[in-house]
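The values are calculated or read from the model by the stated rules, or taken from the named source; none is laboratory data. For clarity, every value in this text was computed on a predicted model and none was experimentally measured. Ideal geometry is used to build each Cβ from the backbone, glycine not excepted, and the neighbour counts take in all protein chains shown.
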Amino acid sequence: MTRVYVDVEALSTGAGQRRTTDADAVRSLEYLAEAGHDVLLVTGESLPAALAELSLAVVPAAPPEPEQAAWYLTTDPERCRNRSARLRTVLVGRTPSPAAIHRCDALARDVLAAALEILAAEAMPSA
């Protein structure tokens, strides 16, 4: 099935020492996994057990050119750069500056909206 790479930052709320895992974001990834998607978390750090169980694997970065169609949920618009058309990027939780040259394929207010974007795109593919 489709692989979905997710920056761990997209699953968090708060900032700095007050950063916590957002239960709604985790639940949204569970929906994707239940629909048959492979969820891979992107981070260079260790994960809490609940997140580690949710993901198929933990990777240091999303591949710039995946072998098959995939999605990448990120909070950093710079991570949308230099990606092949097979990797659809979704910027979660923010809007890039109007002067941004590199844009993500889609914008989502949170991980739930991003998950719905993925499910809708796969249920109703464009011609």
### Query
From A127, A100, which residue is assigned to a loop (DSSP other than H, G, I, E, B), surrounded by 12 or more Cβ atoms within 10 Å (Cβ to Cβ), on the phi < 0 side of the Ramachandran plot and at pLDDT below 90?
A100
### Task
Kindly provide the set of residues from region 64-88 that are at pLDDT below 90, surrounded by 12 or more Cβ atoms within 10 Å (Cβ to Cβ) and among the hydrophobic types (A, V, I, L, M, F, W, C), ordered by number.
C80
### Query
For I118, which of the numbered conditions (1) among the aliphatic types (A, V, I, L, M); (2) under 23 Å from E45 (Cβ atoms); (3) touching a Phe, Trp or Tyr at 6+ places or on another chain (Cβ under 8 Å) fails to hold?
(2)
### Task
May I ask you to list the residues in region 20-47 that are in a loop (DSSP other than H, G, I, E, B), surrounded by 12 or more Cβ atoms within 10 Å (Cβ to Cβ) and more than 13 Å from the chain's Cα centre (by Cα)?
D22, A35, L47
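Does L112 satisfy the condition of being of a type in the set (A, V, I, L, M) and either free of Cβ contacts under 8 Å to residues at least 60 places away in the same chain or crowded, with 19+ Cβ neighbours inside 10 Å (or both)? Let's see the steps before the verdict.
Working: of a type in the set (A, V, I, L, M): yes; either free of Cβ contacts under 8 Å to residues at least 60 places away in the same chain or crowded, with 19+ Cβ neighbours inside 10 Å (or both): no.
Criteria not met by L112.
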### Residue that is modelled with the lowest pLDDT, among those in region 48-63 that are farther than 16 Å from A10 by Cα and exposed (fewer than 15 other Cβ atoms within 10 Å of the Cβ)
A49
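Return the residues of region 64-97 that are part of a loop (DSSP other than H, G, I, E, B), among the acidic types (D, E) and within 23 Å of T13 (Cβ to Cβ); say none if nothing qualifies.
In the first step, residues of region 64-97 are kept if they are part of a loop (DSSP other than H, G, I, E, B); the result is 64-69, 75-76, 81-86, 93-97.
Narrowing further to those that are among the acidic types (D, E): 65, 67, 76.
Hit for region 64-97 is D76, nothing else.
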### Query
Got a sec? Which of T75, T43, T2 is among the polar types (S, T, N, Q), more than 21 Å from S126 (Cα to Cα) and touching a residue at least 60 places away in the same chain (Cβ under 8 Å)?
T75
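What do you reckon, is E65 over 22 Å from L87 (Cβ atoms) and more than 15 Å from the chain's Cα centre (by Cα)? Talk me through it step by step, then tell me what you get.
Numbers: over 22 Å from L87 (Cβ atoms): no; more than 15 Å from the chain's Cα centre (by Cα): yes.
Against the criterion (over 22 Å from L87 (Cβ atoms) and more than 15 Å from the chain's Cα centre (by Cα)), E65 does not qualify.
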